[in-house]
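Peer 1: Have a look at this one.
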Amino acid sequence: MAGIQSVGIIGAGQMGAGIAQILVLAGYDVVLNDIDAAQIDAALAGVKKGLDRQAGKGAITAEDAAAALSRIAPATAFDALADCDLVIESASENQAVKKEIFTSLSKTLKPGALMASNTSSISITGLAAVTDRPEKFIGIHFMNPVPVMKLVEVIRGIATSSETFEATKTLVERLGKTMAVSEDFPAFIVNRMLMPKINEAIYTLYEGVGSVEAIDTAMKLGANHPMGPLELADFIGLDTCLAIMQVLYEGLADSKYRPCPLLVKYVEAGWLGRKTGRGFYDYSGDEPAPTR
């Protein structure tokens, strides 16, 4: 399967749109799938904006941008993915949702097609087990924002074949990304280290050690982080942060991964960060304002 040319993407959110953008720039044909047609329209607008930005900086030509955009086909049904060489799932970080997608997808894809998940924490082996082709299943975890971040985590499930791994390696190289291979453990490499740091920052806020502003300023200026941990949590999405911490806590059975109660409360309140306009910061004004 080194000859991957057409790629399906399931989920037209921020990650799905970002993956689509880098794929079409690298010359792949993309079918962008989502159950919500309006979400696909928003994703296409976002991809166009991203391509136009790159053209404006001289990184690509206007012709390159137009050609790339023309390689994306929208689709609200799985039938449109039938001829794809590879399908990457980028739905919400929910194991039941992902398993339902892959069970349905197995009935649609051509026999030789590869399946991948962009999951940031969930077992690749477990997701592969519900498909009709676990040997052709792999984890391809892009970082957010996809067009900017250079790393891609690649995770082999217990049944993933060497051919599937090599085809994935070729894809990552063609995209100009750097591959880090992770074993199939909860949250893999990046989030195994990143999410407990964010969770600890939330505990620091919860216990009154410092305010939102103090915690983020301390890490930006004291540890030279480009973004404070609470600002980063809002950027990722607090629901995603909680989902990953729950996978770590349940999968590794270690109390150090217990999600902070304040994180749980924010998610219960629907304060999920930037995407809802409120999290550890309020984004309704000209500048983000701390909510605690």
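Peer 1: Full extension from residue 26 to residue 214: what is 0.36 nm times the residue separation minus their Cα-Cα distance, to one decimal in nm?
Peer 2: Full-extension gain reported as 63.5 nm.
Peer 1: What is the spin-label model distance, in nm, from residue 79 to residue 206 if the labels are put 7 Å beyond Cα along the C-beta direction?
Peer 2: With each label placed 7 Å out from Cα toward Cβ, I get 4.8 nm.
Peer 1: Which lysines, on any chain, are close to residue 256 with Cα under 18 Å apart, when same-chain ones fewer than 8 places away are left out?
Peer 2: Those lysines meeting the cut-off are 197.
Peer 1: Would you mind working out the magnitude of the charge dipole of region 1-148 relative to its Cα centre, with +1 at each Lys and Arg C-beta and -1 at each Asp and Glu C-beta, to the nearest 20 Debye?
Peer 2: 220
Peer 1: What lysines does residue 57 reach when the alpha-carbon gap must be under 25 Å and sequence neighbours fewer than 8 apart in one chain are set aside?
Peer 2: The qualifying lysines are 48, 49, 150, 177.
Peer 1: Could you work out how far apart the two model spin labels at residue 45 and residue 103 are, taking each label as a point 7 Å from the Cα in the direction of the beta carbon, and quote it in nm?
Peer 2: 3.5
Peer 1: Please compute the net charge surrounding residue 215, taking Lys and Arg as +1 and Asp and Glu as -1 over other residues with Cβ under 14 Å from its Cβ.
Peer 2: -3
Peer 1: Tell me, what HN-Hα J-couplings in whole Hz come from the Karplus equation 6.51 cos²θ - 1.76 cosθ + 1.60 at θ = phi - 60° for each residue of region 160-173, using x for Gly and Pro?
Peer 2: Each residue's phi maps through the Karplus curve to give 4, 7, 5, 5, 5, 4, 5, 4, 5, 4, 4, 4, 4, 5 Hz.
Peer 1: Order these peptides, 8-14, 62-68, by their mean beta-carbon neighbour count within 10 angstrom, highest first.
Peer 2: The peptides rank, most packed first, as 8-14, 62-68.
Peer 1: About its Cα centre, how strong a charge dipole does region 190-290 have in debye, to the nearest 20, once Lys and Arg get +1 and Asp and Glu get -1 at the Cβ?
Peer 2: 280
Peer 1: Under 15 Å Cα to Cα from residue 136, which aspartates and glutamates show up? Leave out anything in the same chain fewer than 8 places away.
Peer 2: 85, 89, 163, 166
Peer 1: What's the angle, to the nearest 10 degrees (0 to 90), between helix 14-25's Cα axis and the longest principal axis of the chain?
Peer 2: It works out to around 40 degrees.
Peer 1: Can you figure out the FRET efficiency of residue 268 with residue 227, using R₀ = 25 Å and their beta-carbon distance, to the nearest 0.05?
Peer 2: Once the sixth-power term is evaluated, E becomes 0.50.
Peer 1: Shifting gears a bit: So what's Rg/Rh here for region 150-268, counting alpha carbon atoms and using the Kirkwood radius for Rh?
Peer 2: Reported Rg/Rh (Cα atoms, Kirkwood Rh): 1.05.
Peer 1: Sticking with this one: If you take the charge dipole of the chain about its Cα centre, with +1 on Lys and Arg Cβ and -1 on Asp and Glu Cβ, which of 12, 162, 104 is farthest toward its positive end?
Peer 2: 162
Peer 1: I've got another one for you. Which of 121, 162, 106 moves most in a GNM of the chain, Cα contacts under 10 Å?
Peer 2: Highest fluctuation among the options: 162.
Peer 1: Neighbouring Cβ atoms within 10 Å as the yardstick, rank 84, 260 fewest first.
Peer 2: Fewest-to-most ranking of 84, 260: 260, 84.
Peer 1: If you line up the long axis of helix 238-252 against the longest principal axis of the chain, both from Cα atoms, how many degrees apart are they, to the nearest 10?
Peer 2: 80
Peer 1: If you don't mind, there's one more thing I want to ask. Limiting things to C-alpha atoms, what are the Rg and the maximum Cα-Cα separation (Dmax) for the chain, in angstroms?
Peer 2: Considering the chain through its Cα atoms, Rg and Dmax are 19.3, 56 Å.
Peer 1: Please state the charge dipole magnitude for the chain, taken about the Cα centre, from unit charges on C-beta atoms (+1 on K and R, -1 on D and E), reported in debye and rounded to the nearest 20.
Peer 2: It works out to roughly 280 debye.
Peer 1: Another question about this same structure. Less than 9 Å Cβ to Cβ from residue 139, Lys/Arg counted +1 and Asp/Glu -1: what total charge do the surrounding residues give?
Peer 2: For residues surrounding residue 139, the net value is -1.
Peer 1: Using a Förster radius of 30 Å, what is the FRET efficiency between residue 287 and residue 38 based on their Cβ-Cβ separation? Nearest 0.05, please.
Peer 2: Efficiency, from the Cβ-Cβ distance: 0.55.
Peer 1: Which FRET efficiency value, to the nearest 0.05, do you get for residue 235 and residue 132 by plugging their Cβ-Cβ distance into 1/(1 + (r/R0)^6) with R0 = 41 Å?
Peer 2: The formula returns an efficiency of 0.65 here.
Since every read-out is calculated from the coordinates, none of them should be taken as a lab result. In this text the structure is predicted, and so the values were computed from the model without any measurement. When we count neighbours, we look across all protein chains shown, and the Cβ atoms used for this are built from the backbone with ideal geometry, even at glycine.
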